[in-house]
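Structure first, then comments.
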Amino acid sequence: MENEKVQILLALYATTQENLKDMRSRVLTISSTSITFFTISVGWIVQKEAKPSLQETLLLVCIIIVFWIGNLRILSDIRRGFANAMGIALRIERSLHLYEPGFFNEDKQPLFPESYSKPNTSKHFKMFEFVLSCSAIASILILIIRYIFG
């Protein structure tokens, strides 16, 4: 029975790690797609010979704001899921005694350092949220400057 429990934990751990990897990948995809969208929007307005109309400028600013807020909400949702999955992974790691000194070897060192048991997911997500926000704000400012100064 004990061997079956270990096999179940190992299978769950592999699935959890794959989910964490997928969430990181989704964050990168969402951020890069958003930044590309902002760049294309600004490029389209800046490349036009004619000064953009107020309606064009406001429409693009509104689209960028909606896209920005929507993506921040998606990133926030992914962050919550990531934190939950990290918690599950840590519980599995503890159940497998990966943090216990001497459990797997003679030198009294744990397989994983204790620092791994305190995940810090906020830096990863905050960086992408910051870059996304800076890109959106820069895009809006460029659109407004283009409208004002033609």
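Just a few scattered comments:
- Restricting the range 33-58 to residues that are of a type in the set (V, I, T) and at pLDDT 90 or above, the residue that is farthest from E129 (Cα to Cα): T57
- I142 out of contact with any strand residue (DSSP E or B) (no Cβ under 8 Å at 6 or more places or on another chain), buried (at least 16 other Cβ atoms within 10 Å of the Cβ), in contact (Cβ under 8 Å) with a residue 40 or more places away in the chain and over 23 Å from L9 (Cα atoms): yes
- Take the conditions (1) at pLDDT below 90; (2) surrounded by 13 or more Cβ atoms within 10 Å (Cβ to Cβ); N71 misses just one of them, which is (1).
- Identity of the residue in the range 109-136, crowded, with 17+ Cβ neighbours inside 10 Å and not in a loop (DSSP other than H, G, I, E, B), that ends up modelled with the lowest pLDDT: F125
- Among residues of the range 71-98 that are farther than 30 Å from I137 by Cβ and in contact (Cβ under 8 Å) with a residue 40 or more places away in the chain, those with a beta-carbon under 7 Å from a residue that is aromatic (F, W, Y) and assigned to a helix (DSSP H, G or I) at least six positions away or on a different chain give the pairs A89/Y13; I92/Y13.
Matching residues to (1) surrounded by fewer than 18 Cβ atoms within 10 Å (Cβ to Cβ); (2) modelled with pLDDT under 95; (3) assigned to a helix (DSSP H, G or I); (4) among the polar types (S, T, N, Q):
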residue: Q7; (1), (2), (3), (4): yes, yes, yes, yes
residue: S31; (1), (2), (3), (4): no, yes, yes, yes
residue: E100; (1), (2), (3), (4): yes, yes, no, no
residue: D107; (1), (2), (3), (4): yes, yes, no, no
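The values are calculated or read from the model by the stated rules, or taken from the named source; none is laboratory data. Keep in mind the model is a prediction, meaning the values are calculated, not measured. In this analysis, Cβ positions are derived from the backbone assuming ideal geometry, glycine residues included, and neighbour counts consider all displayed protein chains.
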